[in-house]
Amino acid sequence: MPLKEIFRDAEHRMEKSVEHIQHELARVRTGRATPALLDLVKIDYYGSMVPLNQVASISAPEPRMLVVQPWEKRLIGDIEKAILQADLGLNPSNDGNIVRVPIPQLSEERRQDLLKLVKKYSEDGRVAVRNVRRDANEHIKKLEKDHKISEDESREALERVQKMTTKYIENIDKILAHKEKEILTD
């Protein structure tokens with residue numbers, strides 16, 4: 001595997017790790033309403049389980065309210081039931097046309113639990129990035145051992161992979177700091 005391919009693969013995998021962390025953290029409920037809170041909610045639609053956002057539009061017209069507008073009125077009861085069963089701590093209500101989902105204020109204890117959770121997700125992301133670094137370094141060292149690249153090229157390649165790793169870990173730290181701030185302030 002040539003060096004360019006190693007760098008491209010490592011960069012791609014590190015980006016994917018950061019994207020995964022962003023996606024995971026977007027689903028963590030803070031005191032604010034965000035449509036991403038309902039990403040995991042699935043609804044029975046003609047015999048198959050589909051994500052809620054495929055059968056309804058989800059919006060956040062107010063900081064503490066989500067509104068789910070189903071594309072078919074007959075789904076209102078099913079949507080309400082699916083949100084309750086998703087165990088998100090939310091209590092939806094409907095008026096026959098839309099489902100309103102008020103977002104309750106977070107207790108201090110719940111905030112601390114959420115902080116632990118987002119820190120765990122972030123650490124998992126850092127570990128994933130470091131694993132990519134380890135894989136890339138092993139490939140580089142193998143190239144050097146097989147005399148396909150020189151010692152200097154190997155050292156430069158290892159430094160480049162380390163810079164890449166540092167960059168992506170810093171991205172994860174920024175995402176974490178933003179999410180922590182979001183959790184601690186309403």
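The values are calculated or read from the model by the stated rules, or taken from the named source; none is laboratory data. Only a predicted model underlies this, so the values are computations on that prediction, with no experimental measurement involved. No Cβ is skipped: glycine too gets one built from the backbone with ideal geometry, and neighbour counts run over all protein chains shown.
Some notes on this structure:
Every residue, every condition in (1) of a type in the set (A, V, I, L, M, F, W, C); (2) touching a residue at least 40 places away in the same chain (Cβ under 8 Å); (3) in a helix (DSSP H, G or I), yes or no:
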| residue | (1), (2), (3) |
| --- | --- |
| 20 | no, yes, yes |
| 28 | yes, yes, no |
| 40 | yes, yes, no |
| 58 | yes, no, no |
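- Scanning the stretch 154-186 for residues that are surrounded by fewer than 13 Cβ atoms within 10 Å (Cβ to Cβ) and among the β-branched types (Val, Ile, Thr) yields a count of 2.
- When residue 95 is tested against (1) surrounded by fewer than 18 Cβ atoms within 10 Å (Cβ to Cβ); (2) under 30 Å from residue 157 (Cβ atoms), exactly one condition is not met: (2).
- Hey, residue 95 of a type in the set (D, E, K, R) and free of Cβ contacts under 8 Å to residues at least 24 places away in the same chain or not: yes
- Within the stretch 63-107, the set of residues being at pLDDT 85 or above, under 17 Å from residue 32 (Cα atoms) and out of contact with any helix residue (DSSP H, G or I) (no Cβ under 8 Å at 6 or more places or on another chain) comprises 65, 67, 100, 102.
- Considering each residue of the stretch 124-146 in turn, none proves to be over 29 Å from residue 66 (Cα atoms) and either in contact with a strand residue (DSSP E or B) (Cβ under 7 Å, 6 or more places away or on another chain) or among the aromatic types (Phe, Trp, Tyr) (or both).
- Selection within the stretch 7-44 - modelled with pLDDT of 85 or more and either of a type in the set (Ser, Thr, Tyr) or under 16 Å from residue 163 (Cα atoms) (or both): 7, 8, 9, 10, 11, 12, 13, 14, 15, 17, 18
- Taken over the stretch 110-153, the criterion of being surrounded by fewer than 19 Cβ atoms within 10 Å (Cβ to Cβ), in a helix (DSSP H, G or I) and among the polar types (S, T, N, Q) is satisfied by 112, 131, 137.
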